[in-house]
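Structure, as structure tokens:
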Amino acid sequence: DIQMTQSPSSLSASIGDRVTITCRASQSVRSFLNWYQQKPGKAPKLLIFTASRLQSGVPSRFSGSGSATDFTLTISSLQPEDSATYYCQQSYTTPGTFGGGTKVEIK
Amino acid sequence: QITLQESGPTLVKPTQTLTLTCTFSGFSLSTSAVGVGWIRQPPGKALEWLALIYWDDDKRYSPSLESRLTVTKDTSKNQVVLTMTNMDPVDTATYFCAHTTIPSVLLGYWGQGILVTVSS
């Protein structure tokens with residue numbers, strides 16, 4: 001299996017801050033990297049697919065970058081509704097492994 | 001509009017077999033490049049990918065659980081069924097099904113999930 005490692009596991013930031021979450025794959029996944037947002041008691045929601053493509057309806061303050069083994073999710077200006085846990089997932093091969101998650105809290 | 005919903009027992013005993021059904025609308029599993037995946041999440045923990053079935057009946061499983069998992073589809077009923085044998089308390093989790101497509105295999109649409117507790 002390809003292992004996905006996210007960092008940090010949690011962070012606390014203020015409204016308007018720029019927030020960056022990183023995801024590293026144990027081997028190249030090319031650009032087959034997706035980001036999901038999950039709020040408590042809800043199903044995950046797709047934010048970014050194939051590393052950098054914004055899912056329809058997702059605010060433009062979210063962006064993704066990277067390729068091969070190193071990827072980044074950036075929130076350019078943190079909003080109250082962005083409080084959630086974020087997961088990366090590789091879909092290059094099965095099993096489509098997920099990272100351990102990053103919990104984003106608002107200060 | 002694509003929707004998915006999981007159904008099945010919310011409580012199973014250890015050693016029993018779990019059978020979950022994902023009923024969907026807004027797409028057909030007879031359409032090329034379409035698939036349905038299963039993912040679970042133990043309480044307070046991360047997401048775990050379990051299995052995937054494609055329109056052509058290609059099936060993929062998590063290697064660590066492959067011996068216990070079976071995924072099937074009923075195209076006429078718009079359903080996908082996941083069975084997991086020999087349930088254990090560590091299998092307590094919320095189980096989700098999700099829509100996917102080749103080549104990105106992203107999980108674009110999810111069901112609400114069903115919490116399954118394994119306890120005697």
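Given a Förster distance of 25 angstrom, what is the FRET efficiency for residue A:61 paired with residue B:115, based on the Cβ-Cβ distance and rounded to 0.05?
Given R0 = 25 Å and the Cβ-Cβ separation, E is 0.20.
Using bins 10 angstrom wide from zero, how does P(r) for the protein assembly as shown break down, in % of all Cα pairs?
Once binned at 10 Å, the Cα pair distances of the protein assembly as shown give 8, 34, 36, 19, 4, 0.
In vacuo Debye scattering of chain A, one point per C-alpha: log10 I(q)/I(0) at q = 0.09, 0.18, 0.22, 0.25 Å⁻¹?
Log10 I(q)/I(0), no solvent term: -0.19, -0.79, -1.17, -1.46.
Using Cα springs under 10 Å in a Gaussian network model of chain B, which residue among B:32, B:67, B:104 shows the largest mean-square fluctuation?
It is B:104.
Find the Cα radius of gyration of region B:1-110, compare it with 2.2 N^0.38 Å by division, and give the number to two decimals.
Here the Cα radius of gyration is 1.02 times the empirical estimate.
Which ³J(HN,Hα) values, rounded to whole Hz and listed in residue order, are derived for region A:45-55 from phi using the Karplus coefficients 6.51, -1.76 and 1.60 in 6.51 cos²θ - 1.76 cosθ + 1.60 with θ = phi - 60°, glycine and proline given as x?
The phi angles translate into 10, 5, 9, 10, 10, 6, 6, 9, 8, 7, 5 Hz.
Take the Cβ-Cβ distance between residue A:52 and residue B:28 as r, set R0 to 30 Å, and report the resulting FRET efficiency rounded to the nearest 0.05. Show your work: numbers first, answer last.
Values: r = 30 Å, r/R0 = 0.99.
E between residue A:52 and residue B:28, to the nearest 0.05, is 0.50.
Give the average, rounded to an integer, of partner chain Cβ atoms located within 10 angstrom of each Cβ in A:33-45. Show your work: numbers first, answer last.
On the way: counts 2, 5, 1, 4, 0, 4, 0, 0, 4, 3, 14, 8, 4.
If you average over the peptide's residues, the count of other-chain Cβ atoms is 4.
Rule-based calculations on the coordinates, nothing more; no lab input. Please read all numbers here as calculations on a predicted model, not as lab measurements. All Cβ positions, even for glycine, are placed from backbone atoms using ideal geometry, and neighbour counts span all protein chains on display.
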